[in-house]
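The values are calculated or read from the model by the stated rules, or taken from the named source; none is laboratory data. None of these values were measured; they are calculated from a predicted model. Please note: Cβ atoms are built from the backbone with ideal geometry, for glycine as well, and neighbour counts cover all protein chains shown. Side chains are part of the model used for accessible areas, which takes the heavy atoms of the whole protein and leaves out ligands, DNA and RNA. Shrake-Rupley method; radii C 1.70, N 1.55, O 1.52, S 1.80 Å.
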Amino acid sequence: MSLSLIADRVGVSIGGRVLLADVSLRVGPGEVVALVGPNGAGKSTLLKVLAGDLAPNVGRVLLDERPLSAFRPRELALRRAVLPQQTVIQFAFTAREIVTMGRGPRRGHDDEVVVARTLAQTESLPIAERHYPSLSGGEQARVSLARVLAQEAPLLLLDEPTSALDPRHQQMVTDLARDVAASGGAVVVILHDLNLAASAADRIVLLHEGRVVADGAPWATLTETLLSDVFACPIAVTAHPLRDCPLILPLLRSVAAEAQY
Ligand code: ADP
Ligand code: MG
């Protein structure tokens, strides 16, 4: 079955506050879509709506041409896996046990093999028998990603999977996202590192104050004017020296003033 996720004029308001307004978005097989935008722009809210974890007040979301609201929980878990921004796990489960929980809807005879594979893919095998609460933030992030991968869903929705990670492991995450897309899946991933987004994503969706202000290829969306405006700080954009994608340089105000940005 070909994968398709469509948000159609989605709006979310909570307690009189508008969190999302008129957001439309399409994601198809083979795509890695990065959601970027300042703190509070509505990225996590949008991801929850795309996951079916939060029902919008207005508009609808279709997964494989069916409204998310029509899916049973197990059916949904077979089609999409979600990495929330925060996973608070206080209990003394080992990393391997946490990842095994990701097997949820697919539980079966190959659990051990799949769990070992996703622990390896996230470089988490050396910490597999450690208790999750004792792991560092970055280690926990890798184990949480392994749990999401172990679900073997074609659509991944990842909320800041790289924020706690060092450069090597950030790259590991975007490589894994590209692998999922290359095998016919799709990934929607919230990233704060605009250079990671520029190098890994086919498309960038820029959110600002609950609205989509740009949706397109990195070169079309990550422009100096738009980024400086949306992030309210001077940001220069140049060409990456080694590949065809933009290189984003947030500037110190003093540097920007001197260079007349
Ligand atoms: P982002 O992930 O882009 O940083 P969020 O989607 O988490 O932003 O939140 C968007 C805005 O909505 C923020 O200003 C946040 O404080 C607000 N918000 C999030 N959840 C709620 C809620 N349950 N009730 C009221 N406001 C909320
Ligand atoms: Mg967020």
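Assorted remarks:
- Checking each residue in the range 157-210 for being within 14 Å of ligand 1 (Cβ to nearest atom) and touching a Gly at 6+ places or on another chain (Cβ under 8 Å) picks out Leu206, Leu207, His208, Glu209, Gly210.
- Residue selection: Gly42 fails the criterion of being surrounded by fewer than 20 Cβ atoms within 10 Å (Cβ to Cβ) and more than 15 Å from Ile204 (Cβ to Cβ).
- Tally of residues being of a type in the set (A, V, I, L, M), closer than 17 Å to Ala141 by Cβ and out of contact with any Ser or Thr (no Cβ under 8 Å at 6 or more places or on another chain) across the range 70-120: 7
- Contact map, the range 53-76: first residue more than 21 Å from Glu152 (Cα to Cα) and in a loop (DSSP other than H, G, I, E, B), second residue among the small types (Gly, Ala, Ser) and open to solvent by less than 90 Å² (accessible area, probe 1.4 Å), Cβ cut-off under 8 Å, separation 6 or more or different chains; pairs are Pro56/Gly11; Asn57/Gly11; Asn57/Ser13.
- Within the range 45-76, the residues that satisfy the criterion of being open to solvent by 30 Å² or more (accessible area, probe 1.4 Å) and within 13 Å of ligand 2 (Cβ to nearest atom) are Lys48, Leu54.
- Filter result for Ala92 (assigned to a loop (DSSP other than H, G, I, E, B), away from ligand 1 (no atom under 11 Å from the Cβ) and of a type in the set (A, V, I, L, M, F, W, C)): yes
- Set side by side, the residues Asp229, Asp244 differ, and just one is of a type outside the set (Ser, Thr, Tyr), outside any loop (DSSP other than H, G, I, E, B) and open to solvent by 30 Å² or more (accessible area, probe 1.4 Å), which is Asp229.
- Annotation note: of Gly30, Gly15, the sole residue that is over 16 Å from Leu207 (Cα atoms) and within 12 Å of ligand 1 (Cβ to nearest atom) is Gly15.
- Scanning the range 135-157 for residues that are among the basic types (Lys, Arg) and either under 11 Å from Val82 (Cα atoms) or modelled with pLDDT under 95 (or both) returns a single hit, Arg147.
Condition check ((1) part of a loop (DSSP other than H, G, I, E, B); (2) in contact (Cβ under 8 Å) with a residue 60 or more places away in the chain) across all residues:
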{"position": "Val82", "(1), (2)": "no, yes"}
{"position": "Gln85", "(1), (2)": "yes, yes"}
{"position": "Val88", "(1), (2)": "yes, no"}
{"position": "Arg96", "(1), (2)": "no, no"}
{"position": "His109", "(1), (2)": "yes, no"}
{"position": "Val115", "(1), (2)": "no, no"}
{"position": "Thr118", "(1), (2)": "no, no"}
{"position": "Pro133", "(1), (2)": "no, no"}
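- Search result, residues across the range 157-189 that are open to solvent by 30 Å² or more (accessible area, probe 1.4 Å) and away from ligand 2 (no atom under 16 Å from the Cβ): Asp166, Pro167, Arg168, Gln170, Gln171, Asp175, Arg178, Asp179, Ala182, Ser183, Gly184
- Note on the range 1-27: among residues that are loosely packed, with under 15 Cβ neighbours inside 10 Å and not in a strand (DSSP E or B), the one that is nearest to ligand 2 (Cβ to nearest atom) is Gly15.
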